[in-house]
Structure formats: C-alpha cells, structure tokens
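All remarks here apply to the structure that follows.
The values are calculated or read from the model by the stated rules, or taken from the named source; none is laboratory data. Keep in mind that what you see is a predicted model, and the values were worked out from it rather than measured. Backbone-built Cβ (ideal geometry, glycine too); neighbour counts: all protein chains shown.
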C-alpha cells in the first residue's frame, strides 16, 4: 500500500463540560507510574449550545515521546482545574474556546444485557491535539470529518414524518486509523446537509461486499437532542402537551471526491491487504471479548454467545 490513508476530524467551539481525569499508570503498563489524563471533553460547536460533540482521550501525558512538553496535556489539565471555564459550570460567556484536530475511532464492547451478546461499535473522535482559540470558524465548519472509505453497502431509508426524520441514504463500509486498523462504520447522507442528487450518487455507485468502492468523503458531525411537542387530546378539557426528546448522533456526508480510487491496486489498497486487516480485526475483537470475559467471570456472566468468526473470503462484511 503506497497511499497514505486519510482519517481526520475537526471540532471547535465552546468547552461545554468534561469527564476528564488525571491518573497514574499501573505497574503492569509500559510506563508504570506515569501521570496521564483520559476521559471525554464535550464541545458545543454552535452558538446556541445545541450541537455538543464528544472527543475521547485515552492516554495524554505531560511530555511527548521526544521528551518535549505536551501542549494538549496542559490545556486538558487547565480544564480539569477550572482555569479554562465550561458552559455548564461557568456559563457560555466564561467558557473557554478550543479547536481539536482528531480522528474517527470506535468505542467497542459486547453487550452482555442482550441475547447472544452482540458487538456494539460506536463512532467517536479519538484523541488529537487541543488548542485554545479566541476566534471560531463559521458554525458549518466547526464539527467536520474527512476520510478515505471502503464502501460495501448503500441503503435508502424512507422519511419518517411522525419523528420528523428526512429521507436518507446509509453508507456502510470501513475507514482506517493511523495503525491501519480496519474500523467498520456507517455514515448518512440527507438534507439539508446534502442535496437529493447526493443520495442518488451513492446508490448508483453499485458498492457491494464483493465489489467495494474505495473513495474519499467529507461531512459534518451532528450531535444534538431534538425536542418535539406532542399534543394528546382529552375526552374532556384541554389537550395535554408533552415533550419527546430524541438524541441525534450522526456523521453526515456532504462531499465525495469526483473520481473514486482504483480498487485492488498497489497505488491505493490491495484486496489482499484488506483481507489481512480483516483478520487482524478478528484478533482484536477476540482480545476485547477475552478482557470482558475475564471481567464478567467475576460476576458470573461470561460472553459465551459472542462470535468473532471471520467472513467468507472475498466478502468484505464488517
């Protein structure tokens, strides 16, 4: 593979709230006794404080691998200590403004509360560089993503007028992290972020698990709570009005490059390389299952029903 695979996100706005913690690595870690920060930083990317995007940090240390001071650690520490304010604690007018360059990652686990313990994969912004800023970009550019993607399936979903959901297309496939690990994902395409012809474009690609399409897409991150008022008539007296809240968490494509990449090429990605990535993913899933099994064993609830079997050769089913 000669192509450098693209996977990047950009989030900027007001520090909304955080679930960051300062910790010390244990004896069994690679660097025992090292102080680090992990957790979630939530950013309100619009001035109305309605679109709140999470960025997850696994292991941010005070110094980099080269021994230099890590600016991101300093910013996160200032947020933890309240030196940089948040909307929830200090109000919007006193909240710090930051920009974060991150990547698409997956938070994955096996759901022990559901029959057969299905794998749950949730997209998230994973790590990156955090900078304090005074000026914010236009709202439409504050929560974005840009990634190479192998598309294996495209499905059109009808509009749901009752829930006020538009007609959309679900684009399914995979992206890759900096380790070249395969990450199965689903993105959406719908108005007002993309025109009707965008839905037709992805449907007409003809992508299938046996004939994937490799291309580059960009879009916006939608992360808001939609509040609908529902009126219920009464047999007597005034109608009752109640609020229904629905969380909307989505990566919505609004751009694709004019020409797709050549598939199964040494200049882009070989089918054999994708097969190797799929095999490596099964090993990684087995490790997730093992860790959960060990934990659940202490509670008497091992993941006996979970499956990590690889798909048939030539079928790119993620």
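Does segment 34-55 contain at least one residue that is more than 30 Å from residue 247 (Cβ to Cβ) and surrounded by fewer than 16 Cβ atoms within 10 Å (Cβ to Cβ)? Scanning segment 34-55, I find at least one residue that is more than 30 Å from residue 247 (Cβ to Cβ) and surrounded by fewer than 16 Cβ atoms within 10 Å (Cβ to Cβ), so the answer is yes. Evaluation of residue 67 against the conditions (1) within 24 Å of residue 193 (Cβ to Cβ); (2) loosely packed, with under 13 Cβ neighbours inside 10 Å shows that the sole unmet condition is (1). In this structure, does residue 187 turn out to be crowded, with 20+ Cβ neighbours inside 10 Å and in contact with a strand residue (DSSP E or B) (Cβ under 9 Å, 6 or more places away or on another chain)? So residue 187 fits the description; yes.
Given 132, 169, 150, 175, which one is crowded, with 19+ Cβ neighbours inside 10 Å and over 25 Å from residue 279 (Cβ atoms)? Walk me through it before giving the result.
On the way: 132 fails: crowded, with 19+ Cβ neighbours inside 10 Å; 150 fails: over 25 Å from residue 279 (Cβ atoms); 175 fails: over 25 Å from residue 279 (Cβ atoms).
Answer to the selection: 169.
In segment 107-116, the qualifying residues are those that are within 30 Å of residue 7 (Cα to Cα) and touching a residue at least 40 places away in the same chain (Cβ under 8 Å), and the one that is surrounded by the fewest Cβ atoms within 10 Å (Cβ to Cβ) is 107. Taken over segment 153-166, the residue count meeting the criterion of being in contact with a strand residue (DSSP E or B) (Cβ under 8 Å, 6 or more places away or on another chain), surrounded by fewer than 21 Cβ atoms within 10 Å (Cβ to Cβ) and at negative phi is 6.
Conditions (1) assigned to a strand (DSSP E or B); (2) within 17 Å of residue 164 (Cα to Cα); (3) within 22 Å of the chain's Cα centre (by Cα), marked per residue:
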position: 201; (1), (2), (3): no, no, no
position: 226; (1), (2), (3): yes, yes, yes
position: 231; (1), (2), (3): yes, yes, no
position: 234; (1), (2), (3): no, no, no
position: 237; (1), (2), (3): no, no, no
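Condition check ((1) within 21 Å of residue 210 (Cβ to Cβ); (2) touching a helix residue (DSSP H, G or I) at 6+ places or on another chain (Cβ under 9 Å); (3) surrounded by fewer than 14 Cβ atoms within 10 Å (Cβ to Cβ); (4) at pLDDT 95 or above) across all residues:
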position: 249; (1), (2), (3), (4): no, no, no, no
position: 257; (1), (2), (3), (4): no, no, yes, yes
position: 260; (1), (2), (3), (4): yes, no, no, yes
position: 278; (1), (2), (3), (4): yes, no, no, yes
position: 281; (1), (2), (3), (4): yes, no, no, yes
position: 287; (1), (2), (3), (4): no, no, yes, no
position: 291; (1), (2), (3), (4): no, no, yes, no
position: 296; (1), (2), (3), (4): no, no, no, no
position: 300; (1), (2), (3), (4): no, no, yes, no
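Looking at residue 48, is it closer than 24 Å to residue 225 by Cα, out of contact with any strand residue (DSSP E or B) (no Cβ under 8 Å at 6 or more places or on another chain) and at pLDDT below 95? Yes: the conditions hold for residue 48.
Check every one of the strands (runs of 3 or more DSSP E) wholly within segment 1-106 and list those with 2 or more residues that are more than 28 Å from residue 218 (Cβ to Cβ), in contact (Cβ under 8 Å) with a residue 40 or more places away in the chain and in contact with a helix residue (DSSP H, G or I) (Cβ under 8 Å, 6 or more places away or on another chain).
On the way: elements: 7-24, 35-44, 52-61, 97-102.
By residue number, 7-24.
Scanning segment 191-210 for residues that are under 28 Å from residue 315 (Cβ atoms), surrounded by 12 or more Cβ atoms within 10 Å (Cβ to Cβ) and in contact (Cβ under 8 Å) with a residue 12 or more places away in the chain yields 198, 199, 201, 202, 203, 205, 207, 208, 209. Looking across segment 118-142 at every residue that is without any contact (Cβ under 8 Å) to a residue 40 or more places away in the chain and part of a strand (DSSP E or B), the one that is nearest to residue 104 (Cα to Cα) is identified as 122.
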